[in-house]
Amino acid sequence: MSIIVENLSKHFGKQKAVDNISFEVKTGEIVGFLGPNGAGKSTTMKMATGYLTPTSGTIKVNGFDVQKETMLVKQSIGYLPEHNPLYLDMYVKEYLGFVAELHHIKQKKQRISEMIELCGLVREQHKKIGSLSKGYRQRVGLAQALIHNPSVLILDEPTTGLDPNQIVEIRELIKNVGKQKTVIFSTHLMQEVQAVCQRAMIIHVGKIVANASINELKNLTTGQTTIIAEFAQSIDKQALADLENVLSVQSLGANKYQIQVQNNIDIRPKIFQLAAEKQWILVGLQQQETSLEAVFQALTK
C-alpha cells in the first residue's frame, strides 16, 4: 500500500475537522477524495503530507510514518496544495531550478526540461509566473510536485477556478502521470472523478461516508434503476406496471415512458418480450445510469 490511514482525527478546539477515519490507497491507484467545502478534505491531505499534526491516529506513506519519519515522507510525496504557493516574481524555468535544488536533484537541467515538456510549459518557460493564467500556474504547481519523481502525488482541488479547456488539460495530465504513480486528489466535482479515477472516497462532516469504485458508488443510495421505453403507438401503461420488479411507470408523452425498477435488476428483456406479445412497436429502450451527483447529494445532505 502507498498510503495507509488508521483512526485519523484532527480537532480544532471543539470542532472535529476529521473524525476517526481510516482508508488505504494502493500503489498505482488514482483515487478521488470528494466532499463538500469544509468536509475535511484539505485537513486530511495536510496531515498526510506532514504539514499538519493529527490529534490522534496514524498515517503511513510508502511504509514511512508521517509523524516519525516526516522528511522521508516528504521526499516520496509530490504535493500541490489548494492554494498554489508560487513565487510570482520568478520565471518558470528559474522556479523549477530552485525547486530542483531543494530536492538535490542530479542532472537538474535534464529534469527541468522533462517537466516543462510533460506539463506543457514549453512556450511559458521563460515567462514570469505572475504573468501566467491560472491554468498555467497550476501546470507549474504540478511540475514542482513532480520534479523529484515522487511515487505518490497528492493534489488538493487542482482544477478549481480553471476554465473548461484548462480543466480537460489538467485532467489528462493527471491521468498520464497516474499511469506510473499513486495519485489522490480532492475535488467536489463529480465529473472529475468519473473522468480520471478508478475509485472514490466521500468525506462528510469529518467522516468517510463512502469508499468504493465508481460503479459501486452509483448503486449505494438510490435503490432504483430507471428505464426509458419508447413505442410507435399508444400502449397499455398498466401492462408495463404489472411486470415483476417494476416500482412505477410514468408517462413522458409521445408514447414514451419512464419505468422505475428495483436496483440492479435489468428488465429490458421482459419489456421486449411484452412488446412482442402485445404487438407493440418498440422504438427505443434505454437504461439510465444513476448519476454520481445524485449519490453525492444523498450522502452529504
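Can you work out the FRET efficiency for the pair residue 72 and residue 7, with r the C-beta to C-beta distance and R0 = 25 Å, to the nearest 0.05? Let's see the in-between values first.
Working: r = 22 Å, r/R0 = 0.88.
E between residue 72 and residue 7, to the nearest 0.05, is 0.70.
Rounded to whole Å, give me the distance from the Cα center of segment 19-69 to that of segment 209-283. Segment 19-69 and segment 209-283 have Cα centres separated by 42 Å.
GNM on the chain, alpha-carbon springs under 10 angstrom: the most fluctuating residue among 129, 167, 235 is 235. Computed extension gain for residue 294 through residue 195, at 0.36 nm per residue and net of the alpha carbon distance, reaches 34.0 nm. Amide H contacts of residue 3: 25, 62, each under 5 Å away and 5 or more positions distant or on a separate chain (H built 1.01 Å from N in the peptide plane; Pro and chain starts excluded). You can think of it this way: the chain between residue 247 and residue 165 has 25.4 nm of extra reach, that is 0.36 nm per residue less the Cα-Cα gap.
Over 27 Å apart at the Cα level, from the set 134/181; 179/207; 41/93; 10/128; 68/207; 10/218, are 179/207; 41/93; 10/128; 10/218. The trypsin sites (Lys or Arg not before Pro) found in segment 1-92 that occupy coil by DSSP, while having at most 12 further C-beta atoms within 10 Å, are 14, 26, 68.
Rounded to the nearest 5, what % of the DSSP beta bridges within the chain are antiparallel ones? Can you show the working numbers first?
Values: 40 of 58 bridges.
Among the beta bridges of the chain, antiparallel pairing accounts for roughly 70 percent.
The C-alpha atoms of the chain define a longest principal axis, and helix 268-278 lies at about 20 degrees to it.
Computed from backbone phi with θ = phi - 60° and the Karplus coefficients 6.51, -1.76 and 1.60, the 3J(HN,Hα) list for segment 227-243 is 10, 10, 10, 10, 10, 7, 9, 5, 10, 7, 4, 5, 5, 5, 5, 7, 5 Hz; x is used for glycine and proline. Just to be sure I understand, if you calculate mean projected area of the Cα convex hull in nm² for this structure, which of [x] 17.3; [y] 19.5; [z] 16.0 do you get? Looking at mean projected area of the Cα convex hull in nm² for this model, the match is [y]. Put simply, when 239-245, 158-164 are sorted by average Cβ atoms within 10 angstrom per residue, most first, you get 158-164, 239-245.
Since every read-out is calculated from the coordinates, none of them should be taken as a lab result. Not measured: the values here are computed from a predicted model. Positions of Cβ are backbone-derived with ideal geometry, glycine not excepted, and every protein chain shown enters the neighbour counts.
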